[in-house]
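A quick write-up on the structure given underneath.
The values are calculated or read from the model by the stated rules, or taken from the named source; none is laboratory data. Just so you know, these numbers come straight off a predicted model, no measurement behind them. As a convention, Cβ positions derive from the backbone with ideal geometry for all residues, glycine included, and neighbour counts pool all protein chains shown. Protein only, heavy atoms only, side chains kept; ligands, DNA and RNA dropped before computing areas. Shrake-Rupley method; radii C 1.70, N 1.55, O 1.52, S 1.80 Å.
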Amino acid sequence: MSLRFLTGLAELETEAAAAFSLPADLRVAEIVQPDILDCPPETPLHAAAAAMQARRCSSILVMEDGKPVGIWTERDALSVDFTDPAQFTQPIRAVMSSPVLTISGDTPLRSVAALFKRDGLRHYLVVDESQQVLGILSQTDVVEHQGIEHYLHMRTVGSVVRRDVPRLAATASLTAAIDSMRQRAMAAILVAFPDGSHGILTERDLVRLIVERSGERPLGELASWPLLTVPPDLSLYRARELLSKNQVRHIGVQDGSTLLGLVSFAEIMSDIEVSYVRDLQRALEIRDRALSASRRSLHLAERIIESTLEGVIITDANARIVSVNPAFTKMTGYTAEEAIGKTPAMLSSGRHSKEFYQELWRQLREHGNWQGEIWNRRKNGEVYPEYLSITAIKDEQGNITHYAGMFNDITKLKENEENIRNLAYRDPLTGLPNRRLLDDRLEMAIAHAHRHGTRVGVLFIDLDRFKQVNDSLGHAAGDELLVKIARRLERGVREDDTVARLGGDEFVVVLTDVEHYEDVRETAERLLEAIRQPLQLQGRQLVITCSLGMSVYPDDGLDRETLLKQADAAMYQIKDSGRDGLSVYLPPADPRREDRFTLRLELREALEQGKLELYYQPLMDGTGRLAGAEALLRWDHPKLGAVSPELFISLAEDSGLIVLIGELALQKAAEQLAQWHAQGLLLPEISVNVSARQLRDRNFSAHVKDILERTGVAPERLTLELTESVLMDEAASAKLRTLKTLGVGLALDDFGTGYSALAYLKRFPIDRLKIDRGFIKGILSAPADAAIVSTLIDLGRKLDLQVVAEGVETEQQLEALRASGCHYFQGYVYAPALPADKFTARFLDTEVAAS
């Protein structure tokens with residue numbers, strides 16, 4: 001049940017009564033403008049027209065001795081002979097309309113439309129009971145003050161468009177245009193230009209030409225161009241807004257490339273006069289039925305609110321609780337009697353800052369709603385998380401009368417989220433970060449050091465002769481030893497440092513915010529000594545030593561892989577030297593070693609020369625049939641051979657090439673899919689990896705659409721694979737929804753390795769989850785990995801998402817995944833990534849033959 005449903009039904013009866021009632025009974029005097037444009041009878045016509053143009057008035061009143069003796073309007077410009085220059089200087093007395101028709105200021109506004117039609121006029125002089133002039137009323141004033149916006153919202157310009165508007169060529173004469181307007185009683189004509197576009201010539205344009213004293217000229221030089229156009233399904237309300245905003249009286253109605261005609265204030269007023277009255281009569285006939293239905297709906301809404309499992313809380317405009325439902329009582333422990341009259345502050349957990357609540361109220365005031373996660377406190381004192389949505393309810397005047405809140409207790413969701421996170425990022429024996437979390441912490445430490453000019457220390461620790469402890473005392477003793485060493489390492493470093501266990505007897509320590517190289521060495525020596533201290537194990541006193549390798553950023557390397565590799569190499573140097581000691585990384589004398597700077601330059605050159613190639617790895621369904629392929633970039637370096645994708649993608653991100661490389665992959669994959677389909681080789685779909693930087697590009701959605709259109713690939717055959725980090729980017733939500741409107745699929749790659757909250761997952765239009773190969777690798781040997789995989793598959797199925805297992809290498813893994821309900825599979829068990837020709841021969845030709 002949504003808040004929209006809740007608040008809508010709560011106000012249905014009021015809205016029904018208002019929607020089917022007559023507009024306010026306005027009088028003409030209430031809307032007429034008292035500021036009248038007037039001139040003496042001897043005023044030259046061009047001067048009077050200039051005054052009208054300056055004030056943007058459609059008429060000018062001719063006054064003599066303080067009394068109106070005539071009126072000259074834009075329509076009267078049709079009577080001017082533009083071939084005779086003397087016409088522009090003649091006194092307005094000679095061309096004005098006289099006498100001036102008047103209308104009482106007490107005349108109801110709703111009856112004026114019929115009067116205009118009866119008298120064939122567009123202006124009335126408004127007077128009071130003593131015949132004192134109050135102002136001039138025009139058709140525009142009537143349309144803008146009818147007070148029937150709800151009706152104008154329901155009617156479209158296509159229903160009132162005037163299709164018989166004359167259309168003259170741009171080469172036609174002004175005289176021909178005026179004759180056509182006069183004969184057809186038109187206030188405007190359309191001017192057709194040779195390029196197919198249209199302009200417009202209106203009575204107001206004729207006034208402008210009188211001011212300019214312009215004689216006979218082709219229409220192409222005189223018309224207003226280009227013509228302002230709208231689609232036929234635009235509402236009359238929006239059309240009225242556009243007319244007023246642009247200060248014009250006519251807009252074109254265009255359906256595709258076809259210009260249907262014009263709509264003006266006159267057509268809108270005519271529709272009000274005829275159609276509105278007819279529709280109003282029908283509306284009044286069904287009003288009683290609508291009101292009766294609204295009462296039944298209100299009763300239904302009350303029943304739904306009472307029975308829903310979501311907590312509902314309604315307050316007045318001052319945030320005083322006026323109503324709660326049974327689910328509120330069940331979740332918070334407070335009865336309706338205890339809650340009503342108090343504010344929601346009674347539920348405050350104390351976990352949120354003053355600024356948090358200020359921002360919540362700011363969004364409510366400015367946007368009318370707020371939603372998000374919040375911590376509240378039950379009556380028994382227990383603090384719990386909930387997902388809360390609040391909507392401001394407003395009356396017809398736009399004033400807030402109530403606030404309606406709906407919430408769900410997400411305690412179980414948070415617990416599941418924390419369990420999965422611990423399984424994914426923590427070593428189950430010691431509770432230390434595992435390799436995945438270590439990589440993330442080390443990346444952040446390097447980035448921080450780069451920004452602040454500090455160092456990062458990496459210590460690789462391997463316990464000496466640990467196997468002997470396991471063999472002699474048993475695995476339980478070995479596990480106890482690992483836990484005690486873990487605690488010693490944690491006590492030996494600062495809170496901001498990281499101690500991780502890679503597996504077995506290997507540990508890694510990351511030291512952050514280090515000023516000097518020697519500081520890392522001092523900490524390493526202190527940890528060595530701490531490990532050497534005797535410890536009690538199953539009633540025995542043991543002394544354990546370790547081999548420790550050390551590397552430092554930026555002295556020994558600039559990236560995570562290099563620092564870990566070099567610390568590991570240093571550790572083996574000390575093991576080879578007799579164990580129980582510390583070794584600093586010393587680079588080997590290898591002339592073939594390529595530095596990152598050189599590789600970045602060579603990557604740019606490879607991109608420019610087209611040396612990056614797409615390989616394709618099959619995606620198989622549970623029956624072993626081909627379901628698609630993932631496009632993967634490969635770089636064959638002239639000296640180094642095949643470069644690791646992790647390395648050159650990292651280089652691309654460092655050098656800013658990632659967007660260009662991503663565009664290349666997307667373009668080539670779509671072209672290859674189109675080529676296969678042209679050959680009759682129907683690959684169901686192809687997926688392409690998209691980086692976070694690509695997604696942040698404001699033109700990315702347009703680029704995807706352009707590629708689909710140029711290659712002719714059906715959108716449903718393209719899937720974009722995104723990293724899990726996008727779920728934490730609020731701005732990404734709108735972009736992903738734009739991509740979904742194109743029809744492409746969206747997959748979450750390496751799922752389970754990021755930090756995204758599961759509560760946010762359902763808010764993004766994801767179709768597919770891809771479980772990281774790191775979990776699949778240990779599915780048969782590591783219970784933690786098996787539990788993670790089973791949990792993620794179950795999560796995907798409950799969210800109605802397809803689940804793909806990456807890195808499936810053996811038949812045993814495949815069978816285990818099938819048994820767990822996984823939908824699709826990728827990995828060496830079927831094939832590695834292959835060049836296009838080999839992929840075609842191995843999979844697509846086979847599929848065609850089988851069909």
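General observations
- Using the Karplus relation 6.51 cos²θ - 1.76 cosθ + 1.60 with θ = phi - 60°, the per-residue 3J(HN,Hα) values for segment 315-331 come to 10, 7, 5, 9, 6, 8, 5, 10, 7, 9, 10, x, 5, 4, 4, 5, 7 Hz, with x marking Gly and Pro.
- Using the Cβ-Cβ distance between Glu671 and Thr229 with R0 = 30 Å, the FRET efficiency computed as 1/(1 + (r/R0)^6) comes to roughly 0.20.
- Net lengthening on full extension, Ala317/Glu811 (0.36 nm per residue, minus Cα-Cα): 171.5 nm
- The ellipsoid that matches the Cα gyration tensor of segment 69-162 has semi-axes, each √(5λ) in whole angstrom, of 30, 21, 9, with the longest given first.
- Spin-label proximity, Asp119 to segment 64-102 - amide N less than 12 Å from point 7 Å beyond Cα toward beta carbon: 71, 98-102
- Virtual paramagnetic centre 7 Å along Cα→Cβ of Ala54, amide N under 20 Å, in segment 91-106: 91-93
- On Cα atoms only, tilt of 236-245 relative to the major axis of the chain in degrees: 80
- 5 angstrom amide H check on Asn369, placed H, neighbours 5+ away: Ala392
- Structural size metrics of segment 495-637, computed from C-alpha coordinates, are Rg and Dmax of 22.0, 68 Å.
- Take the Cβ atoms of Ala714 and Glu42, set R0 to 51 Å, and the FRET efficiency comes out at 0.10.
- Karplus-derived 3J(HN,Hα) values for segment 159-167, using 6.51 cos²θ - 1.76 cosθ + 1.60 with θ = phi - 60°, are 7, 10, 4, 8, 8, 9, 5, x, 10 Hz; glycine and proline are entered as x.
- When the inverse distances between all different Cα atoms of segment 186-242 are averaged and flipped, the Kirkwood radius reads 12.9 angstrom.
- Per-bin percent of Cα-Cα distances, segment 386-453 [5 Å]: 3, 13, 11, 11, 10, 9, 10, 9, 8, 7, 6, 3, 0
- Partner lysines whose Cα lies under 28 Å from the Cα of Lys117, excluding those fewer than 8 positions away in the same chain, are identified as Lys67, Lys245.
- Taking segment 97-119 and a reference point 7 angstrom along Cα→Cβ of Ser159, no backbone N atom is nearer than 12 Å.
- Along segment 120-136 the Karplus relation, 6.51 cos²θ - 1.76 cosθ + 1.60 evaluated at θ = phi - 60°, assigns HN-Hα couplings of x, 10, 10, 9, 10, 8, 9, 10, 8, 4, 8, 6, 7, 6, 9, x, 10 Hz to successive residues, with x for each Gly and Pro.
- Cross-link reach list, lysines versus Lys575, counting only Cα pairs under 30 Å and skipping chain neighbours closer than eight places: Lys467, Lys484, Lys565, Lys777
- When DSSP beta bridges are restricted to pairs lying wholly in the chain, around 75% turn out antiparallel.
- Coordinate range along principal axes, alpha carbons of segment 81-132, Å, largest first: 44, 25, 12
- Cα centroid separation, segment 376-431 to segment 309-341 (Å): 16
- Net charge of Cβ neighbours under 14 Å - reference Arg362; Lys, Arg +1; Asp, Glu -1: -1
- Helix 203-212 axis versus longest C-alpha principal axis of the chain: approximately 80°, rounded to the nearest ten.
- Rg/Rh for the chain (Cα atoms only, Rh after Kirkwood) is 1.12.
- Working note: Cα gyration tensor of segment 333-390, eigenvalues times five, square-rooted, sorted largest first, giving semi-axes of 21, 14, 10 Å.
- Each label was represented as a point 7 Å from its Cα along the Cα-to-Cβ direction; for Glu382 and Ser214 these points are 8.0 nm apart.
- Normalising by residue count, segment 303-411 has a Cα convex hull of 100 Å³ per residue.
- Amide H to amide H distances under 5 Å link Arg27 with Leu109, where only residues 5 or more positions off or on other chains count and H is placed in the peptide plane.
- Solvent-accessible area, 1.4 Å probe, carbon plus sulfur percent, for segment 89-208: 53
- For Arg451 and Lys740, a Förster radius of 56 Å and the Cβ-Cβ distance give a FRET efficiency of 0.95, rounded to the nearest 0.05.
- Segment 406-504 has equivalent-ellipsoid semi-axes of 29, 24, 10 Å, by the square roots of 5 times the alpha carbon gyration tensor eigenvalues, sorted largest first.
- Reduced Cα scattering model of segment 118-205, Debye log10 I(q)/I(0), q = 0.12, 0.16, 0.17, 0.26 Å⁻¹: -0.60, -0.89, -0.95, -1.26
- Packing, taken as the mean count of other beta carbons within 10 Å per residue, orders the peptides 776-782, 664-670 from highest to lowest as 664-670, 776-782.
- Rule-of-thumb Rg ratio for segment 628-723 [Cα; 2.2 N^0.38 Å; N residues]: 1.13
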